[in-house]
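S.K.: Provided herewith is a single structure, encoded as structure tokens, for subsequent inquiry.
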Amino acid sequence: LTSPLPSSHSYRGLTLVLTFLSYTSYHLSRKPISIVKSQLHPNCSALGPNPHNDSNNTNWCSWAPFDGDNYKELFGALDNAFLVAYAIGMFISGIFGERLPLRYYLSGGMVLSGLFTALFGLGYFWDIHVLWYFIVVQVCNGLVQTTGWPAVVACVGNWFGKGKRGLIMGIWNSHTSVGNILGSLIAGAWVSSAWGLSFVVPGIIIIAVGIICFFFLVEYPEDVDCSPPLHHVMTTSEKDPEAVTSNEGPLSLSGQSSVDHSNSPKEPAEEPEAISFLGALRIPGVVEFSLCLLFAKLVSYTFLYWLPLYIVNVAHFSAKEAGDLSTLFDVGGILGGIFAGLISDYTGGRATTCCVMLVVAAPMLFLYNHVGQNGIGISIAMLIICGALVNGPYALITTAVSADLGTHESLKGNAKALSTVTAIIDGTGSVGAALGPLLAGLISPTGWNNVFYMLIAADVLACLLLARVVVKEARGWCGPMARQRGY
């Protein structure tokens, strides 16, 4: 018999690649709205005289209904339509994700996401100028995009145990920033010529990736006779890793003992029931990390939706230049996610890592607002630093922390909580994601300084909400040190 390890490694690699591409395409389809905003209401005076011979109309080049003085509020309404629907849908999505085949759920959601993304862009070609059309499309898109995150985290959690989970998921979670970068570049390619294509092309891409996932994604190791990770197996010898490994070995060898094949692999895959919503909330740490993510995601999504417009207004770049420059924030996000995962694996302190990065992020945001536009070099450096500090904790909580809590020891090996826990944490964070762009739209008319003060306050609150978990981690570190010193 051949060794099962190469097959297991191959399937794990395939799972990482497919889920990476899936969520990259999700974010790729979300990003165009932030790039296109500056084209929906551009500075018409910079384009020359009004060709319609109407000197009183200073917004002649804007796209109705975003051609009025209340355009920032309308942009905020567009963002909020998507994000509120996303936040509400996320709490429901995890429940469905635990009970439906993940492959069907994820692929179907991606096809529908691509359809609604493309419909927004088709408003350009169909010459639609009514606000309700764009609002309805955003609401529908927000709802169907909730299929993505619980499904991909559950798939990865099904294949990977806790060893080096922070680093693996930190690297894997760069899909968020890669998607934002690609979405900015793709949208920027057409934003000035035909902004509808800035949505249609990403819509086609996410549909194509969804079809690929439908045919090739493997949900559970047991489906292809591979050994599940340790947290996935319910056994009386669970506390002895060597015993579990030795008992698991025959599971992936076709033709081995009928006792192993008839009992062991089916127990973890079929018998455990999906955890309830309230049961997931009782897992230690779920509430604290969920509330922390609310404020961390508020900051991240405010940058996601408003950074290009901020650069246009403050640094006076063109829409395409601002979109390209804003990708540096996501480059920093990639570095921050990897760094946060690596440090938290080494120290064992997920909450402490998040807290330290959030504390440092607050003064960095203040500096970026005041000196970040003093030169292109300073702007590039500050965007990368702020991106790392803002998105690092966000990435760590939504990946490694969610997977840790979804396979918490209190669940006694039942991995059927992964999707629900992930949905609760990210759903709570999505409330912040909805509030951030909305507040930015309401506050920005009073000055960008006030927007940054709001973001700094959110970072501080996110840090404070983790205080109890940080203290618990610190006590865990101090205990072994005290015993070593003989106290």
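The values are calculated or read from the model by the stated rules, or taken from the named source; none is laboratory data. What you are looking at is a predicted structure, and each value in this text was computed from that prediction instead of being measured. Cβ coordinates were reconstructed from backbone atoms using ideal geometry, including for glycine residues, and neighbour counts include every protein chain displayed. Only protein heavy atoms, including side chains, enter the accessible area calculation; ligands, DNA and RNA are left aside. Shrake-Rupley method; radii C 1.70, N 1.55, O 1.52, S 1.80 Å.
S.K.: Short version: ³J(HN,Hα) in whole Hz for each residue of the range 305-311, in order, from phi by Karplus 6.51 cos²θ - 1.76 cosθ + 1.60 (θ = phi - 60°), x for Gly and Pro, what are they?
M.R.: For the range 305-311, the Karplus-derived couplings read 9, 10, 4, x, 5, 4, 5 Hz, x marking Gly and Pro.
S.K.: Given labels modelled 7 Å from the Cα in the Cβ direction, how far is it in nm from residue 216 to residue 9?
M.R.: It is 1.9 nm.
S.K.: Further, regarding this structure: Counting only the heavy atoms of the protein chains, how much of residue 14 is accessible to a 1.4 Å probe, in Å² to the nearest 10?
M.R.: 70
S.K.: What is the spin-label model distance, in nm, from residue 136 to residue 17 if the labels are put 7 Å beyond Cα along the C-beta direction?
M.R.: Output for this residue pair reads 4.1 nm.
S.K.: Moving on to the next point. How much length would be gained if the chain were fully extended between residue 460 and residue 115, taking 0.36 nm per residue of separation minus their Cα-Cα distance, in nm to one decimal?
M.R.: 120.3 nm
S.K.: Suppose accessible area is computed on protein heavy atoms with a 1.4 Å probe; arrange 380, 186 from highest to lowest.
M.R.: Result, largest first: 380, 186.
S.K.: Local charge sum around residue 295 (other residues, Cβ-Cβ under 15 Å, Lys/Arg +1, Asp/Glu -1)?
M.R.: Local charge sum for residue 295: -2.
S.K.: With the crude spin-label approximation of a point 7 Å out along Cα→Cβ, what separation in nm comes out for residue 378 versus residue 100?
M.R.: Label at residue 378, label at residue 100, 5.0 nm between them.
S.K.: How large is the translational diffusion coefficient of the range 99-226 in µm² per second when you combine the Kirkwood radius over alpha carbon pairs with Stokes-Einstein at 25 °C and 0.890 mPa s?
M.R.: Reported coefficient: 151 µm²/s.
S.K.: I've got another one for you. Multiply the residue separation of residue 64 and residue 371 by 0.36 nm, subtract the distance between their alpha-carbon atoms, and state the gained length in nm to one decimal. If you can, show how the numbers build up before the last one.
M.R.: Numbers: separation 307, 0.36 × 307 = 110.52 nm, distance 3.49 nm.
That pair, residue 64 and residue 371, stretches by 107.0 nm at full extension.
S.K.: ³J(HN,Hα) across the range 377-390 via Karplus (A = 6.51, B = -1.76, C = 1.60, θ = phi - 60°), whole Hz, x for Gly/Pro?
M.R.: The phi angles translate into x, 5, 4, 4, 4, 5, 5, 5, 5, 5, x, 5, 6, 7 Hz.
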